[in-house]
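For reference, the structure is listed below as structure tokens.
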Amino acid sequence: LKFQGLPITIDNNFVILKTAVTPYKEFEYCVVDIEVNNSKPNIGQVIEIGAVKIENLKIVDSFDFLIYAKDVPKYVERVTGINQKMLQNQKSQKEILRKFRIFLGDSIFVAHPAEFDYNFLAYQFEKENIGKLLNRSICTLTLAQKTLKANRYGLKYLMEEFNFPQEVHHRALGDAKTTARVFLKALENLPAEIKTAEDLIDFL
């Protein structure tokens, strides 16, 4: 379970969630963004994955890979700028997702919105026989809506609204960095009663 990302520990012979006993400011978060060649996970695959690691509310590491794919539809190329030629000499999805599993560890999975990225990766993990994805997760779209005042909550709009550094939109690492900044900004406005990482998850 721990290898599959569930943040558990043993205390006095009891198995407990680390998120339930660790202050949210001290927990480790992995902010993730993916680009795919089809939004349906049973048809498509990941073509780019970017992530940044947050420890003690600071960005400390990053993960950034293009992934081999046989096909990149024209509409995906128009949105992302990624074409099949860019991917032809890249490593396979299985190899990169194995590396990502190690990078992710048992940190909290953060994305904007989290449901798509998490579920898509969970499907690919099982398809590639890497195991289940059991990490706890946080959706920064929902978090931002609850803590930040803005007219719109799309990632690009929030980047402009709060004057974050400009990143390339619809590229995985750039969007992951922007998501991390949204996440850290939102944490500044949390209700005082939120103490642990599990409190933060329950808040959403």
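The values are calculated or read from the model by the stated rules, or taken from the named source; none is laboratory data. Given the structure is predicted, the values throughout are model-derived calculations rather than measurements. Positions of Cβ are generated from backbone atoms using ideal geometry, with glycine treated the same way; all protein chains shown enter the neighbour counts. Quick note on the areas: whole protein, heavy atoms, side chains included, nothing else; ligands and nucleic acids left out. Shrake-Rupley method; radii C 1.70, N 1.55, O 1.52, S 1.80 Å.
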Specify the residue that is surrounded by the most Cβ atoms within 10 Å (Cβ to Cβ); the eligible residues are those in the stretch 99-139 that are hydroxyl-bearing (Ser, Thr, Tyr) and within 22 Å of Ala69 (Cβ to Cβ).
Tyr118
Glu126 passes all but one of the listed conditions (1) without any contact (Cβ under 8 Å) to a residue 24 or more places away in the chain; (2) on the phi > 0 side of the Ramachandran plot; the exception is number (2)
Reported set for the stretch 192-204 where residues are out of contact with any Asp or Glu (no Cβ under 9 Å at 6 or more places or on another chain), of a type outside the set (A, V, I, L, M, F, W, C) and either free of Cβ contacts under 8 Å to residues at least 60 places away in the same chain or open to solvent by 30 Å² or more (accessible area, probe 1.4 Å) (or both) is Lys195, Asp202
State all residues of the stretch 10-33 that are without any contact (Cβ under 8 Å) to a residue 12 or more places away in the chain and not in a loop (DSSP other than H, G, I, E, B); if no residue qualifies, say none.
Ile10, Asp11, Phe14, Val15, Ile16
Return a yes/no flag: does the stretch 178-186 have any residue that is assigned to a loop (DSSP other than H, G, I, E, B) and among the basic types (Lys, Arg).
no
Kindly indicate which of Lys53, Lys85 is out of contact with any strand residue (DSSP E or B) (no Cβ under 6 Å at 6 or more places or on another chain) and open to solvent by 10 Å² or more (accessible area, probe 1.4 Å).
Lys85
Selection from the stretch 10-36 of residues of a type outside the set (A, V, I, L, M, F, W, C) and exposed (fewer than 14 other Cβ atoms within 10 Å of the Cβ) yields Asp11, Asn12, Asn13, Pro23, Lys25, Glu26
Could you identify the single residue in Ile47, Ile96 that is open to solvent by less than 30 Å² (accessible area, probe 1.4 Å) and in contact with an Asp or Glu (Cβ under 8 Å, 6 or more places away or on another chain)?
Ile47
Residue count for the stretch 158-184, restricted to those that are open to solvent by 40 Å² or more (accessible area, probe 1.4 Å) and over 16 Å from the mean Cα position of the chain (by Cα)
8
